[in-house]
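Undergrad: Just passing along the structure, written as structure tokens.
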Amino acid sequence: MSAIETVSADALLGGRAVFARAPRSSLEWVDVVRHGISARALDPMLKSIGLSQTELAKALDIPERTLARRKREGVLSSEESAKLLRLARTVARAAEVFEGLDAALNWLKTPIEALEGATPLSLIDTDIGADSVMDTLGRIEHGVFA
């Protein structure tokens with residue numbers, strides 16, 4: 001029996017290579033988002049979740065050209081940072097519920113009846129969609145959609 005794989009939002013975003021110190025609370029994340037997450041977080045996120053830059057741009061509802069420009073400029077806007085963090089937190093939560101990143105990513109990319117046939121990943125671009133995904137993960141965790 002293998003150990004349960006734990007994944008954190010800061011690890012998905014590049015960990016120590018991006019953050020001098022990992023935010024330990026929601027309020028610390030607020031400060032990070034307000035100042036903008038380093039664009040260096042984009043490549044680790046892409047690698048972690050197995051998406052192309054085009055797919056990531058769509059999931060975040062940020063134009064691909066804007067993401068490319070942010071990589072050159074070095075920092076995401078606070079709004080873009082919030083969207084990237086929302087995706088990372090959702091992936092981390094799914095990995096917790098499904099006890100591993102691979103199973104989580106499979107679920108995130110699969111149409112889910114409880115989400116009216118949408119893929120969870122396609123809903124994360126809005127707060128309401130992300131809330132619905134997180135609610136569904138909570139239901140799965142408690143056996144409602146098991």
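The values are calculated or read from the model by the stated rules, or taken from the named source; none is laboratory data. Please read all numbers here as calculations on a predicted model, not as lab measurements. Neighbour counts run over all protein chains shown; Cβ positions are idealised from the backbone, glycine included.
Undergrad: Condition test on residue 93, is it in a helix (DSSP H, G or I) and more than 15 Å from the chain's Cα centre (by Cα)?
TA: no
Undergrad: Identify, please: which residue in segment 104-146 is part of a helix (DSSP H, G or I) and of a type in the set (Ser, Thr, Tyr) and is, among those, nearest to residue 57 (Cα to Cα)?
TA: 122
Undergrad: Pairs needed: first member in segment 33-56, free of Cβ contacts under 8 Å to residues at least 24 places away in the same chain; second member anywhere, of a type in the set (Gly, Ala, Ser) and assigned to a loop (DSSP other than H, G, I, E, B); C-beta distance under 9 Å; at least 6 residues apart or different chains.
TA: 46/52
Undergrad: Which members of segment 119-137 meet the condition of being in contact (Cβ under 8 Å) with a residue 24 or more places away in the chain and under 20 Å from residue 100 (Cα atoms)? So that I can check it myself, show each step before the final result.
TA: Quick first cut of segment 119-137, residues in contact (Cβ under 8 Å) with a residue 24 or more places away in the chain only: 120-122, 124-127, 130, 133-134, 136-137.
The answer is 120, 121, 124, 130, 133, 134, 136, 137.
Undergrad: Search segment 122-138 for residues being touching a helix residue (DSSP H, G or I) at 6+ places or on another chain (Cβ under 7 Å) and modelled with pLDDT of 95 or more, and hand back the single one that is surrounded by the most Cβ atoms within 10 Å (Cβ to Cβ).
TA: Filtering first and then ranking leaves 133.
Undergrad: May I pose another question? Filter segment 96-121 for residues that are over 14 Å from the mean Cα position of the chain (by Cα) and of a type in the set (A, V, I, L, M, F, W, C) and give the result.
TA: 97, 98, 103, 112, 114, 115, 118
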